[in-house]
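Input: a single structure, listed below in C-alpha cells.
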Amino acid sequence: MMQPVYATREDVMRALDSKTTARNASQVDRAIESASRDVEALCHRRFYPQIATRYFDFPGPQYARPWRLWLDDSELISVTSLSSGGVPINEADFFLEPNRSGPPYNRVEIDLAGPATFGGGDTHQRDITLTGLFGYRNDETTVGALTAAVASANATSITVDGPAAAALGVGSVVRLGAERLLVTARTMADTGQNLAGDLTAQNSAVSVTVADGSGFAVDEVVLIESERMLIVDIAGNTLTVKRGWDGSVLAAHTAGADIYAPRTLTVRRGALGTTAAAHDSGAAVVRWDPPGPVRDLVLAEAVAQLDNERTGYARTRRTGDGGSSERAMDATALAALRDRVYASHGRKARVRAV
C-alpha cells in the first residue's frame, strides 16, 4: 500500500470470515487500496493527515477579496508557518475558516484589523507559502506502548503490547512521538506467557489459562505450537477461544507451551511528511482513526469487490437462491451507503465572489 487506506486487512478478512494466507492477503490489500482511492474520488478529499509545505498564488489577480485564500483540495488541519512574498505572517494575524466547524479548514483569511497582507512577491505566482498539517481531521487513539526500543531510524519493525497489537492492523496509520508510520505486515512474537494447563484436541476445550489475562485482548489471535486460536472473551486469567482458527489444525497442547501473538509490526518509517527517529521502550503507540462512515464504505466496497471476483463478476451471486433480486438489493444498499458518506463527508462545490 503506497498511500494510507481507511480500513485494515484484518477488518476485511473478519467481515469475510476469510483465513489468512499470502494469496488472500494480497487480494484483500488490493481491494482496500482500490476502495480507499474510490472513496477519495467520491468525496473529493483525502482524509489522512500529512505534514507538507504547499504554495499558492496570491489571490488578488483572481478573486474579489485579496485577504482570503481558498485552499481547495489542500484542506488544512493546522498551520505551522505562513508567509507571503517571503514575509512571515504571525499566527495572530490570520484566521482559519470555517472556525465553527473546522477542521478541516478550507480557507485562510488575513485579520483585517492587523498589519499583515497577502502579496509582496515579484509576481502573484506561488507568492504564498504554507506549512502545516493537511487533511480532514487528526482524530487519534492511544492504543498501547512499545515493548522494545526502536534504536535506529532505519528499523523496519516495531513490537507493541497485546491490547495495542489487537487494535492495529495492516493499513493502520501509527504515530510514535512526531513520527508517523504505516503498518504493512504483522508477524508473530512471543508474548512472554505460557499455557498454564493442558489443552486437549477438542473443539469444546475452549478455556486457555494464562498467568496474566490483561496481557491479551478480545479478538486477538494467539498461536500455540502450530494451532491458531481466536480470543472471544477474557475472564480474569482465562481466555475463551475458538479452536483451530484461521485454517490451522486442532491439536493437543501441554502446560508450559509458549504463546505467540501477531505483535511485531512491519512498518514504513517517516510517513506522511514526518522524519524517522529512534523511540524508547514504553513510548505511546497512537493510532490515527479515519471517519467512521468512510471506514464503513471502504470496508463495504472492498468486500463487494472480493465477492465479485470470487463469482467471476457473474450477473447473479452464488449465495442464497442466486437470484438477481438478491444482487440488486446488495447494489442498492451499497449505493445508499455511498450517498450517505458523500452527504456527510463529501467536499461540495463552493461559491465565491469573482
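Each reported figure results from applying straightforward, stated rules to the coordinates on display, with no laboratory input. A quick note: this is a predicted structure, and the numbers were derived from the prediction, not measured. Cβ coordinates were reconstructed from backbone atoms using ideal geometry, including for glycine residues, and neighbour counts include every protein chain displayed.
Membrane-span-like helices in the chain (whole DSSP H runs, Cα extent of at least 30 Å along the helix axis, mean Kyte-Doolittle hydropathy of at least 1.6): none found. Taking every alpha-carbon pair under 8 Å whose residues sit at least 6 apart, region 140-288 reaches a relative contact order of 41 percent.
In this structure the amide hydrogen of Phe134, modeled in the peptide plane, comes within under 5 Å of the amide hydrogens of Gln50, Ile51, Ala52, Ile77, none closer than 5 places in sequence on its chain.
In plain terms, the chain from Ala92 to Ala15 could stretch by 22.9 nm, reckoned as 0.36 nm per residue minus the Cα-Cα distance.
Placing a pseudo-label 7 Å from each Cα along the Cα-to-Cβ vector at Asp339 and Asp38 gives an inter-label distance of 1.8 nm. For region 102-111, putting each phi into the Karplus relation 6.51 cos²θ - 1.76 cosθ + 1.60 with θ = phi - 60° gives couplings of x, x, x, 9, 9, 7, 10, 10, 5, 6 Hz, in residue order, rounded to whole numbers and with x for Gly and Pro.
Rounded if a/c is under 1.5, else prolate if a/b beats b/c, else oblate: with a ≥ b ≥ c from the C-alpha gyration tensor eigenvalues square-rooted, which is region 50-134? Verdict is rounded for region 50-134.
For the chain, averaging the sequence separation of C-alpha pairs within contact (under 8 Å, six or more residues apart) and dividing by the residue count gives a relative contact order of 22 percent. Does the chain come out rounded, prolate or oblate, given a ≥ b ≥ c as the square roots of the eigenvalues of its C-alpha gyration tensor, rounded meaning a/c under 1.5 and, failing that, prolate meaning a/b above b/c? It is oblate, given that a/c is not under 1.5 and a/b is not larger than b/c.
Report relative contact order for region 1-146 in percent, whole number only (criteria: Cα-Cα under 8 Å, sequence separation at least 6). Reported relative contact order: 29 percent.
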